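Q: Starting off with a structure, shown below.
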Amino acid sequence: GINYLRVGARLPSSQNVTQLTANTGVSWRVIALNVAAMAIWTVGVFASLYAGYLKPELRVTCANLSSVINGFATVVLAVVIDPQVSVMTDDVIEGRISENSFRRAITTLAGARVLGTVCAQAVLAPAALVLMRVAELISRCTRTTRNPSPGPSPMNPVPSHFPARPVKGRAAWRGRSS
């Protein structure tokens, strides 16, 4: 375990580090999308929890928005990043690119994922505020579209969904006495 790690682990050589700056075979657009997707994916759950903390009455809505955020990041990773890696893997197998350039590309994408995770720390609070605003908007929209119960009034001091006296049988479900 630890002895093997102590013997086998070492810092990369300077030649390997300088090769990372060479052409990686991955476009800057893909690297930037990888960073953004990982930042969104990482911050999704924590931002929704924090938004629920900031606005406790909307904590359930905020928590449910986490899946929307993670779904968006997953789609970006599946539609943009994974096909790029698949094409590069096929190119290595067919001999169009060398294994070294493939390793360099994978190392670049792995570094972009680490950078995305670090960037997520910076966008946690703004993402929570955005989530909170979205939850407020959803709450406001659902409040106006729901059919509200009439509630108590001078003519009906008890809301209509509560029977005035204990009722037996099927009439209890309709709020009527038998």
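Residue by residue, here is whether (1) at pLDDT 85 or above; (2) in contact with an Asp or Glu (Cβ under 6 Å, 6 or more places away or on another chain); (3) surrounded by 12 or more Cβ atoms within 10 Å (Cβ to Cβ); (4) on the phi < 0 side of the Ramachandran plot holds:
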| site | (1), (2), (3), (4) |
| --- | --- |
| PRO12 | no, no, no, yes |
| LEU20 | no, no, yes, yes |
| VAL26 | no, no, yes, yes |
| LEU33 | yes, no, yes, yes |
| ALA39 | yes, no, yes, yes |
| PHE46 | yes, no, yes, yes |
| THR61 | yes, no, yes, yes |
| VAL76 | yes, no, yes, yes |
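Q: Also: Please tell me if PRO126 is open to solvent by less than 90 Å² (accessible area, probe 1.4 Å), out of contact with any helix residue (DSSP H, G or I) (no Cβ under 9 Å at 6 or more places or on another chain) and more than 20 Å from SER27 (Cα to Cα).
A: When the stated conditions are applied, PRO126 does not pass them.
Q: Do we find that ILE93 is of a type outside the set (Gly, Ala, Ser), in contact (Cβ under 8 Å) with a residue 60 or more places away in the chain and open to solvent by 50 Å² or more (accessible area, probe 1.4 Å) in this structure?
A: no
Q: Residues to consider are ARG133, ARG104; find the one that is at negative phi, open to solvent by 60 Å² or more (accessible area, probe 1.4 Å) and out of contact with any strand residue (DSSP E or B) (no Cβ under 8 Å at 6 or more places or on another chain).
A: ARG133 is the lone residue from the list that is at negative phi, open to solvent by 60 Å² or more (accessible area, probe 1.4 Å) and out of contact with any strand residue (DSSP E or B) (no Cβ under 8 Å at 6 or more places or on another chain).
The values are calculated or read from the model by the stated rules, or taken from the named source; none is laboratory data. What you see is a predicted model, and the numbers here were worked out from it, not measured in a lab. Virtual Cβ from ideal backbone geometry, glycine too; neighbours counted across all protein chains shown. Side chains are part of the model used for accessible areas, which takes the heavy atoms of the whole protein and leaves out ligands, DNA and RNA. Shrake-Rupley method; radii C 1.70, N 1.55, O 1.52, S 1.80 Å.
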